[in-house]
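Written out below as structure tokens is the structure these notes cover.
The values are calculated or read from the model by the stated rules, or taken from the named source; none is laboratory data. Quantities reported herein were computed from a predicted structural model and do not represent experimental measurements. FYI the Cβ positions are ideal-geometry reconstructions off the backbone, even for glycines, and counts take in every protein chain you see. Accessible surface areas use protein heavy atoms only, side chains included; no ligands, DNA or RNA. Shrake-Rupley method; radii C 1.70, N 1.55, O 1.52, S 1.80 Å.
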Amino acid sequence: MNSNDTFTVAGRTFSSRLLVGTGKYKDMDETQEAIEASGAEIITIAVRRTNMGQNSDEPNILELLPPDRYTILPNTAGCYDQKTAVRTCRLARELLDGHNLVKLEVLGDEKTLFPDVIATLRAAEELVKDGFDVMVYTNDDPIIARQLEEIGCAAVMPLAAPIGSGLGIRNPLNIRTIVENAHVPILVDAGVGTASDAAMAMELGCDGVLMNTAIAAAKDPVLMASAMKKGIEAGREAFLAGRMTAKRFASASSPVDGLFF
Amino acid sequence: MQIILNGETRNLDEDATVADLIAELNLTDQRLAVEVNEELVPRSTFSNHHLKAGDEMEIVHAIGGG
């Protein structure tokens with residue numbers, strides 16, 4: 001991969017276009033190994049209550065994956081309204097010494113984990129005004145994606161399919177439309193299942209892909225992390241190379257001139 | 001006095017600060033964030049933020065998530 005092909009979000013530049021979550025792994029060792037194999041530079045974390053009275057010596061995710069090595073992207077997973085999402089982001093910024101990059105998600109219901117786009121728009125507006133760089137999870141609606149960009153989000157992240165479903169890109173045409181309209185990075189967030197899904201997202205022109213379950217729930221998460229890294233790189237190169245035009249009928253690859261019969 | 005800490009009732013000395021409570025919980029050097037009554041309490045103000053009876057306090061940290 002050309003080392004000049006970097007990806008910039010909110011003024012921060014990265015060489016990896018694969019962003020990974022840190023949830024659902026068997027243990028901390030597996031988390032660390034899979035993330036290493038993925039080559040990801042941006043990793044998501046969640047913010048939760050500290051358990052009182054339990055062993056406070058257990059390793060902290062930020063000791064394992066330190067902010068001086070990774071760009072930490074705190075999420076608002078589990079938030080179903082504007083207020084809790086904004087509170088979570090403010091706590092995360094304090095937790096990370098003023099680091100203002102966040103992944104906003106405001107969910108609509110537990111069955112689909114689809115975004116509540118109205119609450120998402122309002123929360124995004126409040127967070128942008130408060131100085132956050134907001135990478136926002138949304139559905140694959142080009143109109144909402146454009147509105148989130150207009151509000152000032154640093155990146156718009158449409159889902160491929162429901163979070164954790166592994167169904168792959170259900171609506172590639174919408175993803176392509178979102179990419180074509182955009183002036184901020186577009187990342188597919190959620191729903192990819194395997195390396196070809198990640199490659200497809202990149203071939204559609206996305207700037208990156210954010211995933212968690214597709215790696216963590218594989219039989220061999222470390223190997224899948226490596227596969228995803230390659231899928232992202234292959235898809236990106238194919239996008240930059242510009243694919244051939246698809247045709248209905250055959251076109252011989254060997255010359256017809258010079259046939260001796 | 002009583003406050004609600006992470007959803008559970010807790011007894012505290014009158015006039016205890018956020019810093020006092022964090023020390024009592026052996027969390028002093030941990031990477032955490034605090035809010036009281038849904039408002040963020042910056043780390044720099046832990047030692048002069050006095051808790052009041054009935055305060056609802058949250059102490060949070062980072063965990064794995066997608």
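Within segment A:147-162, the set of residues being assigned to a loop (DSSP other than H, G, I, E, B) and crowded, with 17+ Cβ neighbours inside 10 Å comprises A:Cys153, A:Ala154, A:Leu159, A:Ala160, A:Ala161.
Residues that are at the interface with chain B (Cβ under 9 Å from one of its Cβ atoms) and over 30 Å from B:Arg10 (Cβ atoms): does segment A:73-95 have at least one? Checked segment A:73-95: no residue is at the interface with chain B (Cβ under 9 Å from one of its Cβ atoms) and over 30 Å from B:Arg10 (Cβ atoms).
Restricting attention to segment B:46-66, the residues that are part of a strand (DSSP E or B) and closer than 19 Å to B:Ala23 by Cβ total 6. Just one of (1) under 26 Å from A:Ala10 (Cβ atoms); (2) under 16 Å from the mean Cα position of the chain (by Cα) fails for A:Asn174. It is (2). Of all the numbered requirements in (1) open to solvent by 30 Å² or more (accessible area, probe 1.4 Å); (2) of a type in the set (S, T, N, Q); (3) closer than 28 Å to A:Ile72 by Cα, B:Asn11 misses one, and that requirement is (3).
The helices (runs of 4 or more DSSP H) found wholly in segment A:163-232 and carrying at least 2 residues that are crowded, with 18+ Cβ neighbours inside 10 Å, within 14 Å of chain B (Cβ to nearest Cβ) and at negative phi occupy A:213-216. Only residues that are farther than 30 Å from A:Gln32 by Cα, more than 11 Å from the chain's Cα centre (by Cα), of a type in the set (D, E, K, R) and within 11 Å of chain A (Cβ to nearest Cβ) were counted in segment B:11-66, giving 2.
Residue pairs whose Cβ atoms lie under 8 Å apart, sitting 6 or more positions apart in sequence or on different chains, and linking a residue in segment A:22-37 that is under 9 Å from A:Val222 (Cβ atoms) to a partner that is in a helix (DSSP H, G or I) and charged (D, E, K, R), are A:Ala37/A:Lys229. Note on segment B:17-45: among residues that are farther than 28 Å from A:Met28 by Cβ and touching a Ser or Thr at 6+ places or on another chain (Cβ under 7 Å), the one that is least open to solvent (accessible area, probe 1.4 Å) is B:Thr17. Within segment A:62-71, is there a residue that is within 8 Å of chain B (Cβ to nearest Cβ), surrounded by fewer than 21 Cβ atoms within 10 Å (Cβ to Cβ) and farther than 21 Å from B:Ile4 by Cα? Within segment A:62-71, one or more residues are within 8 Å of chain B (Cβ to nearest Cβ), surrounded by fewer than 21 Cβ atoms within 10 Å (Cβ to Cβ) and farther than 21 Å from B:Ile4 by Cα.
One line per residue, one yes/no per condition, for (1) open to solvent by 40 Å² or more (accessible area, probe 1.4 Å); (2) over 19 Å from B:Leu40 (Cβ atoms); (3) at pLDDT below 95:
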site: A:Met52; (1), (2), (3): yes, yes, yes
site: A:Ser56; (1), (2), (3): yes, yes, yes
site: A:Tyr80; (1), (2), (3): yes, yes, no
site: A:His99; (1), (2), (3): yes, no, no
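Are there strands (runs of 3 or more DSSP E) fully within segment A:1-51 with at least 3 residues that are closer than 20 Å to A:Gly191 by Cβ? List them. Walk me through how you get there before you give the answer.
Numbers: elements: A:7-9, A:12-14, A:18-20, A:42-49.
Strands (runs of 3 or more DSSP E) meeting the threshold: A:18-20, A:42-49.
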